[in-house]
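Report on the following structure.
The values are calculated or read from the model by the stated rules, or taken from the named source; none is laboratory data. Just so it is clear, the structure is predicted and the values come from calculations on it, not from any experiment. Reconstructed Cβ throughout: ideal geometry from the backbone, glycine too, with neighbour counts over all protein chains shown.
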Amino acid sequence: MNKVSVVILNWNGLNYLKQFLPGIIKYSGLEGAEVIVADNGSTDSSAKYIEINFPVVKVIKLVNNYGFAGGYNRALRNINSKYYVLLNSDVEVTENWLQPITEFMDANPNVGASMPKMHGYGARGNFEYAGAAGGFVDKYGYPFCRGRIFNTIEKDSGQYEEICDIFWASGACMFVRAEAFWKAGGLDEKFFAHMEEIDLCWRLKWHGYEIKCLPEVVVYHIGGGSLPKENPRKTFLNFRNNLFMLYKNLPSNLLYKVFIFRIFLDLVAILHFIVNFRLIHSLAIIRAHANFYRNLSYLRTYRKSVAFLTQSDRPIPTLVNKNVAFEYFIKGKKTYKEIIN
């Protein structure tokens, strides 16, 4: 068994691999570490390029594009390591990035997943949208980060330097204990992409694990490489998967109360896009809700299959008891510390 496997899920990311894979190999020389590229049915000769130019890297070839969730599940089933590092192909790592986090997880077996601090690749010194200094979820299911609330991204001035208990670690660079990953059921392939890592972390918390951000390690993420922000499919996946995540993980006493309010908030989002002449995104939200209802049978079956949602003696994962949209748009609070304090 290896100590740690750095697993890069690649789909037509040849240019990113050329740019970032040499640094990943150079700085992942920890004893017992290996670098693996899981190729998600690429058509750009990514796998052949790696085999020719980086023979030290193991390549797992998948026949189709199974999305983030399905691709990683299939790849990780073929890897025998204590820790998996799920790493996007558009991430630049730094020297000695593996050792501090794996040593911390060795010393804290209750930690199921961790992440480093994430800066923007093109805006060094600023936090990065997809993970910043650790993720949280508000009481209505909206994800946000230390260092990033909606589109407000903070400059890193050392304000989040402490090791912090977070709600979710970014899938762009997530360290996860293999035993915990499979105990929680792996990534949910119904999500395909977006928010599947938040769903996984929520389930890890239901199983009693902690999630941490260790800011002494910094990585740099480009972001939006596979699906740009303005793509309506991204809007569809974000809204649909958020509903999936809430229905799967909310305890029974909160489920319907939260859903009623979320429907109202999503209607507001639809109207917002219409007023701003972005009708295609309004339609994406409507399609997200329609797809959610088509999958209710699967979601209800899942809820019946897990006992922890109704066990009174199981600690309930704590959401931030705020409406982050209200705090941000109405009260004008733009940073994590303003909202939490």
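Across segment 45-60, the qualifying residues are those that are within 23 Å of G224 (Cα to Cα) and touching a strand residue (DSSP E or B) at 6+ places or on another chain (Cβ under 9 Å), and the one among them that is surrounded by the fewest Cβ atoms within 10 Å (Cβ to Cβ) is A47.
Listed conditions (1) in a helix (DSSP H, G or I); (2) surrounded by 14 or more Cβ atoms within 10 Å (Cβ to Cβ); (3) assigned by TED's automatic domain parsing to the domain that holds N65 are all met by E179, apart from (2). Quick one: which of I263, I285 is over 25 Å from K205 (Cα atoms) and either modelled with pLDDT of 95 or more or assigned by TED's automatic domain parsing to the domain that holds A123 (or both)? Step by step, each of I263, I285 is checked, and only I285 is over 25 Å from K205 (Cα atoms) and either modelled with pLDDT of 95 or more or assigned by TED's automatic domain parsing to the domain that holds A123 (or both). For segment 119-158, filtering for residues that are touching a helix residue (DSSP H, G or I) at 6+ places or on another chain (Cβ under 9 Å) and acidic (D, E) leaves 2.
If only residues of segment 114-151 that are over 18 Å from the mean Cα position of the chain (by Cα) and over 29 Å from K257 (Cα atoms) are counted, the one that is modelled with the highest pLDDT is N126.
Taking the condition in contact with a helix residue (DSSP H, G or I) (Cβ under 9 Å, 6 or more places away or on another chain) and small (G, A, S), does G208 pass? Considered against the rule, which asks whether it is in contact with a helix residue (DSSP H, G or I) (Cβ under 9 Å, 6 or more places away or on another chain) and small (G, A, S), G208 comes out as no.
Quick one: is I211 touching a strand residue (DSSP E or B) at 6+ places or on another chain (Cβ under 8 Å), touching a residue at least 60 places away in the same chain (Cβ under 8 Å) and surrounded by fewer than 22 Cβ atoms within 10 Å (Cβ to Cβ)? Judged against the criteria, I211 is not a match. Applying a threshold of 7 Å to beta carbon distances and a minimum spacing of six or more residues, or different chains, the list of pairs starting in segment 151-179 at a residue that is farther than 19 Å from E197 by Cβ and ending at one that is at pLDDT below 95 reads I153/Y129; K155/G125; D156/G125. Taking V218, is it β-branched (V, I, T) and in contact with a Lys or Arg (Cβ under 9 Å, 6 or more places away or on another chain)? Yes: the conditions hold for V218.
When only residues in segment 257-312 that are farther than 29 Å from F326 by Cα and among the small types (G, A, S) count, which is farthest from the chain's Cα centre (by Cα)? Only one residue fits best here, namely S312.
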